[in-house]
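As structure tokens, the structure follows; a few thoughts come after it.
The values are calculated or read from the model by the stated rules, or taken from the named source; none is laboratory data. In this text the structure is predicted, and so the values were computed from the model without any measurement. All Cβ positions, glycine included, derive from the backbone under ideal geometry; neighbour counts span all protein chains shown. To get the accessible areas, we keep the full protein, side chains included, count just its heavy atoms, and leave off ligands, DNA and RNA. Shrake-Rupley method; radii C 1.70, N 1.55, O 1.52, S 1.80 Å.
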Amino acid sequence: QVQVVESGGGLVQPGGSLRLSCETSGSIFSRITMGWYRQPPGKQRELVADITSGGSTSVVDSVKGRFTISRDNAKNMVYLQMNSLKPEDTAVYFCIAWIQGRNFWGQGTQVTVSS
């Protein structure tokens, strides 16, 4: 059984920053791809960023230059650093682990960008 737990969401002013964290259980963490999805109010869930076991990263065009995904294998952690936040970044953010064709989801953490 794999447990995925994200944290770090909150309320922030436009232009501000937040850092989301995600901890995934298991000794296989260093060998899997991790990612972040988000679901804005009334919209579909979308992939925001991912990072492979080798450290290769990808982010969606709408957050390029503002969001950075990283990982710390010694701590079984993946992070999403979010800078220059905009109101349209408001969403529930979900951490996901991809393991041998299966998806393991965190519970979600709310990010609200508002003045």
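Brief remarks on what is shown
- The one condition from (1) open to solvent by 20 Å² or more (accessible area, probe 1.4 Å); (2) among the aliphatic types (A, V, I, L, M); (3) touching a Gly at 6+ places or on another chain (Cβ under 8 Å) that MET77 does not meet is (3).
- Enumeration of residues in the range 48-69 that are assigned to a strand (DSSP E or B) and closer than 17 Å to GLY9 by Cα: VAL48, ALA49, PHE67, THR68, ILE69
- Leading residue by the ranking (surrounded by the most Cβ atoms within 10 Å (Cβ to Cβ)) among those in the range 15-48 that are farther than 17 Å from VAL113 by Cβ and free of Cβ contacts under 8 Å to residues at least 40 places away in the same chain: LEU47
- Close contacts from the range 74-95, counting a first residue that is on the phi > 0 side of the Ramachandran plot and a second that is assigned to a helix (DSSP H, G or I) and open to solvent by less than 60 Å² (accessible area, probe 1.4 Å), with Cβ to Cβ under 8 Å and a gap of 6+ residues or different chains, come to ASN76/PHE29.
- For LEU85, the criteria (1) in a loop (DSSP other than H, G, I, E, B); (2) over 15 Å from the mean Cα position of the chain (by Cα) hold in every case but one, which is (2).
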